[in-house]
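S.K.: Once you've had a glance at the structure underneath, I'll fire off some questions.
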Amino acid sequence: MDEGRSPIIIDNTNIQAWEMKPYAQMAVERCYRVSFREPETWWKFDVLELEKRNKHRVPRGKIVQMMEHFEYPISSDIVLNAVEPSRNNKVLFNLHPCYNQRWEGPVDSNSSISVMNYR
């Protein structure tokens, strides 16, 4: 970002807004536009299919745990105002495959943050 490259794509398994916040803050501080994308696959909420397709051998129980904590919907305002939850005050977010798509377009199998420089 300091070199002014654009776009910058951060492809990471961020499941809650506070996990995305450092990336979004860096982008905003450097005058980048931040957008969020998620895959448009039929299996993105299917635990069994995710277990089969993941390349890191993440076990089904961990995938279920990650989906239980998946923050939905997401936006720049939500991310930039996010606070890491304390270990004593965990909140589980409702996840339902029929909710509207919160991202703007197709990417591959991991959530990502796209950052584009508008300098």
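S.K.: For region 1-71, what is the relative contact order in percent, using Cα pairs closer than 8 Å and at least 6 residues apart in sequence?
M.R.: Numbers: 34 pairs, mean separation 23.6, N = 71.
Computed value for region 1-71: 33 percent relative contact order.
S.K.: Give, in nm to one decimal, the length gained when the segment between K55 and D77 is fully stretched (0.36 nm per residue of separation minus the Cα-Cα distance). Numbers along the way, then the final one.
M.R.: Details: separation 22, 0.36 × 22 = 7.92 nm, distance 3.19 nm.
Here the segment from K55 to D77 would lengthen by 4.7 nm.
S.K.: Which loop-located chymotrypsin sites (Phe, Trp or Tyr not before Pro) does region 1-41 contain, where loop means any DSSP state but H, G, I, E or B and the Cβ has at most 13 other Cβ atoms within 10 Å?
M.R.: Details: sites: W18, Y23, Y32, F36; in loops: none.
The qualifying sites: there are none.
S.K.: Then there is this: Evaluate region 1-96: find the radius of gyration of its Cα atoms, find its Kirkwood radius, and give the ratio Rg to Rh. Spell out each step's value before the answer.
M.R.: On the way: Rg = 15.0 Å, Rh = 15.1 Å.
Looking at region 1-96, the ratio lands at 1.00.
We did not get these values from a lab; they are worked out from the coordinates using the rules stated. From a predicted model like this one, the values you see are computed outputs, not experimental measurements. For neighbour counting, all protein chains shown are included, and Cβ atoms are generated from backbone atoms with ideal geometry for every residue, glycine included.
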